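Derivation of every value follows stated rules applied to the coordinates shown; laboratory data play no part. The model shown is predicted, which means the values in this text are computed figures rather than measured ones. Cβ: placed from backbone, ideal geometry, glycine included. Neighbour counts: every protein chain shown.
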Amino acid sequence: MLTRSADQAEVLASQLRSLGAEVLDLPLLKIVDPHDWAPVDRALESVGDYHWILFTSQNAVKSFCRRCRERALEPALIKSKVAAVGPATAEAARSHGLKVSHVATESRGSALAGNLEGELKANRVLLPRGDRASPDLPRALAEAGAIVTEVVVYRTVLPHNVNESALEAIRTGSVDIVACFSPSAFHHLLEVFRHGHAQSSPERLKFAAIGPVTAEAIRRAGFHVEVQAEVPTIPAFVQALVQHYANPPVPETRAI
């Protein structure tokens, strides 16, 4: 079961089906505009004053660049250095014409602060993010001496209409694994259960996580992560699933 939005899940679903998997779509994330663009627009008016622009997700890149163009600013003309978390986010930035100077060695936002520590002191940093992003990165940047401007360029919300056939698959216990690609998607799944949309227990579900940040969110909520990609990319995620089902773990004996 894929919990990504329909447009983001299409490529992955196609790959999994080509390998023989039965794929169910349960989109649990909808990307919408921030409540107020004014903070973003103010940052764009003086974007040349920022030494660095840091991106921690593809959605942040997409929303930031869309707003740039709406304000008659072509992203390729931005002179600030750009850093990204992970190769997928870096590739998204390049696809919009941004020149990526650094890609974090670890697939979590706080790694950027450590990687760039020597270049941050007294430098202005623009951090376009989602409304539910972790506070760890801006805190680490400030501790490294950066002057941080954090702006919300998108919000993640639970879609109004949830796929009833996918929920029925959960109710009947026919879902082998639920794939989560962000902490928000996982928390939205729990919200679906809390509001009684699915008459089943989430404790019975097995989870696959795209990367360490999502895996950590799942574990913090008390659930087991069955599969985790070594790096947060779709090819690595598919490979992790293939390896898992080629060599399934021996089931643990659990007390009832």
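Just to be sure I understand, if you calculate semi-axes √(5λ) of the Cα gyration tensor in Å for this structure, which of (1) 35, 19, 17; (2) 39, 22, 15; (3) 32, 21, 17 do you get?
So the structure-derived entry is (1).
Using a Gaussian network model on the chain with a 10 Å cutoff between Cα atoms, which of Val153, Val238, Val11 fluctuates the most?
Maximum among the listed residues: Val11.
Once you have a ≥ b ≥ c as the square roots of the Cα gyration tensor eigenvalues for segment 33-155, tell me rounded if a/c is under 1.5, and otherwise prolate or oblate according to whether a/b is larger than b/c. Numbers along the way, then the final one.
Values: a/c = 1.36, a/b = 1.29, b/c = 1.05.
Rounded, since a/c falls under 1.5.
So how strong a dipole does segment 33-155 carry about its Cα centre when Lys and Arg Cβ are +1 and Asp and Glu Cβ are -1, to the nearest 20 debye? Could you put the intermediate results ahead of the total?
Values: 17 positive and 15 negative charges, 48 e Å.
So the magnitude is around 220 debye.
Between Asp33 and Ala142, what FRET efficiency comes out of the Förster formula 1/(1 + (r/R0)^6) with R0 = 30 Å and r the beta carbon distance, rounded to 0.05? Intermediate values should be presented prior to the final figure.
Working: r = 27 Å, r/R0 = 0.90.
Computed FRET efficiency for Ala142 and Asp33: 0.65.
Assign unit charges at the C-beta atoms only (+1 for Lys and Arg, -1 for Asp and Glu), then state the dipole size of the chain relative to its Cα centre in Debye, rounded to the nearest 20.
Numbers: 27 positive and 28 negative charges, 68 e Å.
Computed about the Cα centre, the dipole is about 320 debye.
Using a Gaussian network model of the chain with C-alpha springs under 10 Å, which one of Tyr50, Tyr245, Tyr154 is most mobile by mean-square fluctuation?
Maximum fluctuation in the GNM of the chain, among the listed residues, is at Tyr245.
Springs between alpha-carbon atoms under 10 Å, Gaussian network over the chain: tell me which of Gly145, Gly130, Gly20 tops the mean-square fluctuations.
Gly20
Suppose we keep just the DSSP beta bridges with both residues in segment 33-155; what percent of those would be antiparallel, to 5?
Bridges in segment 33-155 are about 0 percent antiparallel.
Once Lys and Arg get +1 and Asp and Glu get -1 on their Cβ, which of Val61, Ala146, His96 lies farthest toward the positive end of the dipole of segment 33-155?
The listed residue farthest towards the positive side: His96.
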